[in-house]
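Structure first, commentary second.
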Amino acid sequence: MKHPLHFINIALIGVFIFCTAPAMAAPSSGSEDKESKIDSARPNYIEFPQMMSTVLDGYRVQGMVVLGFGLEIEDKELREKTRKLLPRLQDKYTRELNRYAGTLYRFGELPDAQLISKRMQFATDQMLGEGNAIFLISNLMVRGK
């Protein structure tokens, strides 16, 4: 039979870990700027959530086009402005991907990454100004039904 103090020690260790974990996870100072929370290996890169669009053929769903992407922006002020415009940019990109998947893409073919990139870069230039940001595709795939 185990000693009752053994269980008390384990419980105290658990309480200690539970109480100190939030303090250990908190940032060291509250004066950190927003840029420090960004991946330091890619400080100029803004990653967007993956997007999906339905591929139709004769009013039937044939699959989904999945696109992962981000923007490379050198100017710090423009990056901050872009973060504020993320919902509008996301909407613009969603419409462009839906147009591509609904009209230009035929299920069974390879998706045209260059065409998608050109269309998305044009949409980016409309929102942020020409030459201020580079649209980069991180992944592009088609999933069948």
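The values are calculated or read from the model by the stated rules, or taken from the named source; none is laboratory data. This one's a predicted model, so the numbers in the text were calculated from it and none came from an experiment. When we count neighbours, we look across all protein chains shown, and the Cβ atoms used for this are built from the backbone with ideal geometry, even at glycine.
Among residues of segment 115-128 that are without any contact (Cβ under 8 Å) to a residue 12 or more places away in the chain, those with a beta-carbon under 9 Å from a residue that is surrounded by fewer than 18 Cβ atoms within 10 Å (Cβ to Cβ) at least six positions away or on a different chain give the pairs Asp125/Gly131; Asp125/Asn132.
Taking the criterion of being of a type outside the set (Val, Ile, Thr), under 20 Å from Lys145 (Cα atoms) and modelled with pLDDT of 90 or more, the residues of segment 63-105 that qualify are Gly63, Met64, Leu67, Gly68, Leu97, Asn98, Arg99, Tyr100, Ala101, Leu104, Tyr105. Scanning segment 95-116 for residues that are assigned to a loop (DSSP other than H, G, I, E, B) and among the charged types (D, E, K, R) yields Arg106, Glu109, Asp112.
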